[in-house]
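Take a look at the structure below.
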Amino acid sequence: MIVKGLQNRLDSINIGSIIKDRVESAGLGGFGEHRTAVELLILKSDIEKAQTIIDTYAKEINS
């Protein structure tokens, strides 16, 4: 899962995060959900610190 890779990188610089996986939740409930329905949540106070990691990771996975 792509989001897990980003979460690991953020964890390595002590930025906590939560994966909100609506795809899995919907499947458990018997509903369908688009595969892009996975979110990585971080605190607003960590956004500035995390942005460089997020941008770098996005470039890597999109190249």
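The values are calculated or read from the model by the stated rules, or taken from the named source; none is laboratory data. For clarity, every value in this text was computed on a predicted model and none was experimentally measured. Every residue, glycine as well, gets a Cβ built from its backbone with ideal geometry; the counts of neighbours run over all protein chains shown.
Look at segment 7-20: where a residue is charged (D, E, K, R) and a partner is surrounded by 11 or more Cβ atoms within 10 Å (Cβ to Cβ), sitting 6+ places away or on another chain with Cβ atoms under 8 Å, you get R9/I53; R9/Y57; D11/S17; K20/V38; K20/E39; K20/L40. K59 falls short on exactly one of the conditions (1) more than 15 Å from M1 (Cβ to Cβ); (2) exposed (fewer than 11 other Cβ atoms within 10 Å of the Cβ); (3) at pLDDT below 90; (4) of a type outside the set (S, T, N, Q), and that condition is (3).
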